[in-house]
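Below: the structure, in structure tokens.
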Amino acid sequence: MTILVTGATGNVGRKVVELLLAAGAPVRATSRNPQTAELPAGVDVRAGDLDDPGSFGDALSGVKKLFLFPNPSGVAGFLDLARASGVQHVVLLSSAAVIEPQGTPNPIGLMHLMVEQAVEHSGIARTVLRPGSFASNALQWAPAIRESGEVHVPYAESTVSPIHERDIAAVAVQALLSDGHEGATYELTGPESMTLRRQVELIAAAIGRPVTVVDLAGDAARAQLEEQYGAFGVPGLVDSVLATYAASVGTAAPVTDTVARITGRAPAAFADWAVEHRPAFTAA
Ligand SMILES: NC(=O)c1ccc[n+]([C@@H]2O[C@H](COP(=O)([O-])OP(=O)(O)OC[C@H]3O[C@@H](n4cnc5c(N)ncnc54)[C@H](OP(=O)(O)O)[C@@H]3O)[C@@H](O)[C@H]2O)c1
């Protein structure tokens, strides 16, 4: 029973591969660039571009279960191939953005909803993971922290419940390897709501160096987000991200107990994630 992991070089997919290997499961992984994927020995690494389902060749052969990265283009064709190859269960990496208030057009939520619907329409049994903000988003601050000890943060008082990518992967692996997860949708968060400013403080504590937070609002926040997201060329994306940040100021981000319920272990604290990722914030 081969398990195929797509997005296997990503923050989450890499951990899914590691945890499946540790559990002794037969793992196949795909990347658009298998020769540079740097996945552990013992993993059968193949080429596959979700934009172009035909590029998977025979990578789906013998696969019964699938961890699916949420790439919207090509997803319906890929799922047709998966079903025809005999895939019986898809565990989809989706996003909590699907359930964010839809008052402002939310392109991230709509994109993930489209992928969720494609999985639903495929007729293959599914488990949907809807994580909130990844702890790894904090890596966006690493160059500034390394180079100047000062980070410019749009809406520094906005709140998230950052989840360690390994906890998302641990839920995915439970869903892939144990019974009873078909049809379930899991909303996943870290253990604690905190402001973006607090995240930077915890990184500063982890590296033992002060880091200054410059809180951006209004046009300055918009300019920074345009720089960050403008290249995606998605209409309304920056407005949606700004609205989400602004709306969360002064409120606690949702916290669920799903990681503990499914894995039997408490999710990692952001402080521990920061210690684990210290080299990213200190190495030259
Ligand atoms: N960041 C957040 O706070 C957040 C919250 C909720 C949900 N999410 C979801 O999680 C995703 C990010 O996951 P991540 O952090 O694990 O990924 P990541 O580190 O951003 O890596 C992207 C992965 O996607 C793969 N990929 C990209 N385009 C592909 C394509 N056309 N065909 C096949 N594979 C493709 C890449 O594989 P190769 O380059 O090896 O082909 C790589 O493994 C987001 O895109 C979003 O959908 C993120």
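Taking residue 5, is it in contact with a helix residue (DSSP H, G or I) (Cβ under 9 Å, 6 or more places away or on another chain), more than 11 Å from the ligand (Cβ to nearest atom), under 16 Å from residue 63 (Cα atoms) and at pLDDT 95 or above?
Numbers: in contact with a helix residue (DSSP H, G or I) (Cβ under 9 Å, 6 or more places away or on another chain): yes; more than 11 Å from the ligand (Cβ to nearest atom): no; under 16 Å from residue 63 (Cα atoms): yes; at pLDDT 95 or above: yes.
No; evaluated as a whole, the condition is false for this residue.
In this structure, does residue 150 turn out to be within 30 Å of residue 213 (Cα to Cα), open to solvent by 10 Å² or more (accessible area, probe 1.4 Å) and within 11 Å of the ligand (Cβ to nearest atom)?
On the way: within 30 Å of residue 213 (Cα to Cα): yes; open to solvent by 10 Å² or more (accessible area, probe 1.4 Å): yes; within 11 Å of the ligand (Cβ to nearest atom): no.
Judged against the criteria, residue 150 is not a match.
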Checklist entry - Assuming residue 96 fulfils every condition listed in (1) surrounded by 21 or more Cβ atoms within 10 Å (Cβ to Cβ); (2) under 19 Å from residue 21 (Cα atoms); (3) within 12 Å of the ligand (Cβ to nearest atom) apart from one, which condition is it? => result (2)
Checklist entry - Which helices (runs of 4 or more DSSP H) sit wholly inside the stretch 180-284 and have at least 1 residues that are without any contact (Cβ under 8 Å) to a residue 60 or more places away in the chain and over 30 Å from residue 148 (Cβ atoms)? => result 258-263
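Looking only at the stretch 33-53, count how many residues are in contact with a helix residue (DSSP H, G or I) (Cβ under 8 Å, 6 or more places away or on another chain) and within 14 Å of the ligand (Cβ to nearest atom). Step through it out loud before you land on a result.
Just the residues of the stretch 33-53 that are in contact with a helix residue (DSSP H, G or I) (Cβ under 8 Å, 6 or more places away or on another chain), to begin with: 39-40, 42-43, 45-50, 53.
So of that shortlist, the ones also within 14 Å of the ligand (Cβ to nearest atom) come out as 39, 43, 45-50, 53.
Qualifying residue count, the stretch 33-53: 9.
Sort out which residues of the stretch 117-142 are within 13 Å of the ligand (Cβ to nearest atom) and free of Cβ contacts under 8 Å to residues at least 40 places away in the same chain, and write them in order of number.
If we filter the stretch 117-142 for residues that are within 13 Å of the ligand (Cβ to nearest atom), which is where we start, we get 128-140.
If the condition is that a residue be within 13 Å of the ligand (Cβ to nearest atom) and free of Cβ contacts under 8 Å to residues at least 40 places away in the same chain, then 137 is the only one that fits.
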Checklist outcome for this item: Apart from one, (1) at pLDDT below 95; (2) within 28 Å of residue 69 (Cβ to Cβ) all hold for residue 270; the odd one out is (1)
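The values are calculated or read from the model by the stated rules, or taken from the named source; none is laboratory data. Quick caveat, the model's predicted, so the values are computed rather than measured. Neighbour counts are summed over all protein chains in view; Cβ atoms, including those assigned to glycine, are modelled from backbone coordinates with ideal geometry. Quick note on the areas: whole protein, heavy atoms, side chains included, nothing else; ligands and nucleic acids left out. Shrake-Rupley method; radii C 1.70, N 1.55, O 1.52, S 1.80 Å.
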